[in-house]
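The values are calculated or read from the model by the stated rules, or taken from the named source; none is laboratory data. Owing to the predicted nature of the structure, the values given are computational and were not obtained by experimental measurement. Backbone-built Cβ (ideal geometry, glycine too); neighbour counts: all protein chains shown. Only protein heavy atoms, including side chains, enter the accessible area calculation; ligands, DNA and RNA are left aside. Shrake-Rupley method; radii C 1.70, N 1.55, O 1.52, S 1.80 Å.
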Amino acid sequence: MVTSRALPFDVRIPILNAPMGGVAGGALAAAVSGAGGLGMIGMGSSGSVASLQRQLPLVPNGVRVGIGLVDWVVRREPGLLDLALDAKPVLLSVSFGDDFGWIARAHERGVLTAAQIFDAEGAARAHAAGADVIVARGREAGGHGRHLVDRDELLDAVLAATARPVLAAGAIATAADVRRVRERGASGAWVGTAFTACREALSSPAQRRALIEAGPEDTVLTSVFDRAAGYAWPADIPERVLANDFTRRWSEEFDSEVAGRELAAANAADDPRGMSINAGLGVGELREERSAAEVLAALAGE
Ligand SMILES: Cc1cc2nc3c(=O)[nH]c(=O)nc-3n(C[C@H](O)[C@H](O)[C@H](O)COP(=O)(O)O)c2cc1C
């Protein structure tokens, strides 16, 4: 067993809930931190100053959490990065951009940083920019990303590319998964999908049912929801979602006006046949709605 590198913050269980837009609000993050992990509030494609202002007060005084933002959303929303830094998060991440300038800005304010990367080259650049923690996100993962390298292969490559602590990400859904990545040298796990059906999450009842019923064969990589919503995601960053009527209907041709109307209607009706439900290849391990503390304890093997 490899001795894992120490994380730069205090945590009893070295497991973080990934900052998931539309899922990981203040209540989920507070529950994860309260149970001994590190909770992250996620601001995704529709992240905004107003939305972060709504989530921050849900974290009780004395409970410390991290905050995760998205690069192109930070550029669109003036004030979002400063608001996140003003909240003095334990850890800040800004994902899905190639410019790591936010790391220096966080350090000027005394805030630790985690950079999510998809290949060894990204790890080297995040290291050079001073990232305190590197998140090695394998292609199995749910949500947006460059789905390039298998998780364990990426973890090995990133551990070789940096001496900083590395968190493994991608289909970490059981205690055995956590053990496996820690034995390979990860300092902990950055876990998304396993927390999506938590009672404290912002996911809707219909989304949770769809997640619980799904298996890994039900996920696809797509950009159709982003195109329909008019989001400014880079073309090479699709999202891993549950396949549904919408992904099947729009996989060949695309009409942004019609698709946009259909997506808005499905969202308004909480209809999983037409909504974007992000999930990774570990989705088959979701069996029921549980509390974040139960999910965390199960992942930690407690
Ligand atoms: C529902 C959902 C929403 C996500 N939203 C974000 C986000 O807003 N920002 C971000 O950095 N990563 C986001 N991700 C990706 C996670 O950071 C992480 O890479 C992924 O969840 C890890 O794989 P797993 O889902 O298989 O555990 C999201 C993932 C999911 C499942």
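Quick notes on this one:
- Residue list for the stretch 129-158, restricted to those being free of Cβ contacts under 8 Å to residues at least 40 places away in the same chain and open to solvent by 10 Å² or more (accessible area, probe 1.4 Å): A129, G130, R139, L148, V149, D150, R151, D152, E153, D156, A157
- All positions within the stretch 188-208 that are more than 10 Å from the ligand (Cβ to nearest atom), surrounded by 19 or more Cβ atoms within 10 Å (Cβ to Cβ), part of a loop (DSSP other than H, G, I, E, B) and not aliphatic (A, V, I, L, M): E200
- All conditions but one from (1) in a loop (DSSP other than H, G, I, E, B); (2) over 15 Å from M43 (Cα atoms) apply to D156; the one that does not is (1).
- Scanning the stretch 264-302 for residues being assigned to a helix (DSSP H, G or I) and out of contact with any Ser or Thr (no Cβ under 8 Å at 6 or more places or on another chain) gives a total of 14.
- Those helices (runs of 4 or more DSSP H) of the stretch 42-122 in which 1 or more residues are of a type in the set (V, I, T), open to solvent by less than 10 Å² (accessible area, probe 1.4 Å) and farther than 18 Å from V23 by Cβ occupy 101-108.
- Residue count for the stretch 267-302, restricted to those that are more than 16 Å from the ligand (Cβ to nearest atom) and closer than 14 Å to V224 by Cβ: 2
- Within the stretch 1-20, if we keep just the residues that are within 16 Å of the ligand (Cβ to nearest atom) and surrounded by fewer than 24 Cβ atoms within 10 Å (Cβ to Cβ), the residue that is nearest to A84 (Cα to Cα) turns out to be P14.
- Taken together, the residues in the stretch 163-187 that are free of Cβ contacts under 8 Å to residues at least 60 places away in the same chain and either within 11 Å of the ligand (Cβ to nearest atom) or open to solvent by 20 Å² or more (accessible area, probe 1.4 Å) (or both) amount to 3.
- E253 being more than 23 Å from R137 (Cα to Cα) and outside any helix (DSSP H, G or I): yes
- Of all residues assigned to the stretch 32-48, at least one qualifies as being away from the ligand (no atom under 12 Å from the Cβ) and under 26 Å from A229 (Cα atoms).
- The residues of the stretch 249-263 that are open to solvent by 70 Å² or more (accessible area, probe 1.4 Å), over 9 Å from A228 (Cα atoms) and either not hydroxyl-bearing (S, T, Y) or not assigned by TED's automatic domain parsing to the domain that holds R227 (or both), listed by number, are R249, E252, E253.
- Residues of the stretch 209-219 that turn out to be open to solvent by 20 Å² or more (accessible area, probe 1.4 Å), more than 13 Å from the ligand (Cβ to nearest atom) and touching a residue at least 24 places away in the same chain (Cβ under 8 Å), as a count: 3
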